[in-house]
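Contents: one structure, followed by commentary.
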Amino acid sequence: MKIFLIGFMGCGKSTIGKRLATKLGYDFVDLDHQIERLAGMPITEYFAANGESGFRIFESKTLKDFSYPDNCVVATGGGAPCYFDNMQWINDHGISIYIEMTPAALAKRLESGKDKRPLLKDMNEEELITFISHKLEERNPFYQQAHKIVNGISLTPDALRVLILSEV
């Protein structure tokens, strides 16, 4: 079984994904790390060199062409489900789970790591919340297509494990 975790940056896809994979005895795949490995450079550099459209094409190709282990938890990039037919592909190839959070909660989580995220590094808290709100408005039609939607605030690997196992 393949479990795809989707949601905005900072919602916990990688953190909870690693823990969930351990609980299930599955492999963990971080799609962003695979993109960096295949590109031979950090995503920020790839993005700068190829623009957003070049990055989104490469991201989609990596999502669809990667050799996933039979049983794995996949943390996608925040925008991955929102381009091309990626969300449909994700739903056709596994169980998708949207880790939902409010803009304020996401901003709080992203505040400490803003310097690693070029789009966010110069924003104050209010600007960050506004930015996240606008992005969520754009992305929610895709995120809402997930098989399951969970609240990311109090989400635990055990709760997610129970939810997934109740589906199989």
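Give me the lysines in straight-line cross-link reach of Lys116: C-alpha distance below 20 Å, same-chain residues under 8 apart excluded.
Lys13, Lys108, Lys135
Would you calculate a helix-derived [θ] at 222 nm for the chain, using -39,500 (n - 2.57) for each DSSP H run of n ≥ 4 and dividing by the full residue count, to the nearest 500?
Dividing the helical sum by the residues of the chain leaves -16500 deg cm²/dmol.
In percent, how large is the relative contact order of the chain, given Cα pairs closer than 8 Å and 6 or more residues apart?
With pairs under 8 Å counted, the relative contact order is 35 percent.
For an R0 of 41 angstrom, estimate the FRET efficiency from the Cβ-Cβ distance between Val162 and Lys108 and round to the nearest 0.05.
It comes to 0.95.
Between Glu125 and Asp92, 0.36 nm times their residue separation minus their Cα-Cα distance comes to what?
8.1 nm
By what distance, in whole Å, do the Cα atoms of the chain stretch along each of the three principal axes, largest value first?
The Cα atoms of the chain stretch 44, 34, 26 Å along their principal axes.
According to a simple spin-label model (label point 7 Å from Cα along Cα-to-Cβ), what is the distance in nm between Gln145 and Gln34?
1.8
Could you tell me what % of all Cα pairs in region 1-58 have separations over 18 Å?
Roughly 44 percent, once rounded to a whole number.
Values quoted throughout were computed directly from the atomic coordinates according to the rules given, and no laboratory measurement underlies them. If you're wondering where the values come from, they're calculated on a predicted model, not measured in any experiment. Neighbour counts are summed over all protein chains in view; Cβ atoms, including those assigned to glycine, are modelled from backbone coordinates with ideal geometry.
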